[in-house]
C-alpha cells in the first residue's frame, strides 16, 4: 500500500490497512469510488456504516469485501458538475435530472418527487445499459418492468 496524507488510511477491499489487524472505516478510510474508480474518502454516514460492517465481518473471520459506493446524500441544496447528457423534468415543486454517459446513468438529482430513486440507484450501481428505456426514465409511468424489455 502506498504512502498517504496524515490521518487518511489506505485500505484494501477488506478495509485492512498495511497492518493486518488494523482496519479503516468512515472519514479516515480511502476506498475506490464506484463511478470514478478513483480512490477517495466518501465521508458519509451510510458509507461509514457499510465500512464498519465489512471490517467487523473480517475481524470475526467471515471473509467480506467492501461494496464500492458513490457520493450520495440527501440535501436541501446542491451543486456540482455531472458529466454526460442531462435528461430533465421540471414541474411544480419537482425537479428531476438524470445524467447519462455511454448509455449508463452517471448521476441523478431528485427534488420534491423522489419516486424511483431506488431504481435509478440500482441502474447506476450496476452500470446497466439504459438505451432501450432511456426515453421513459422520467415518465410517471416508468417502473422496474421496463428493465425486462
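Bear in mind these aren't lab numbers, they're just calculated from the coordinates by the rules spelled out. None of these values were measured; they are calculated from a predicted model. Cβ placement follows ideal geometry from the backbone for every residue including glycine, while neighbour counts extend to all protein chains displayed.
A few comments on the model shown:
- Pairwise centroid distance, computed over Cα atoms, of segment 36-59 with segment 21-35, Å: 5 Å
- Here the peptides 43-50, 101-108 are ranked by packing, the mean other Cβ count within 10 Å, and the order with the highest first is 101-108, 43-50.
- Cβ-based exposure ranking for 121, 138, in which fewest neighbours within 10 Å come first: 121, 138
- Point-to-point label distance, residue 131-residue 39, nm (Cα→Cβ direction, 7 Å offset): 3.5 nm
- Relative contact order of segment 85-148, pairs being alpha-carbon contacts under 8 Å that are 6 or more residues apart, as %: 26 percent
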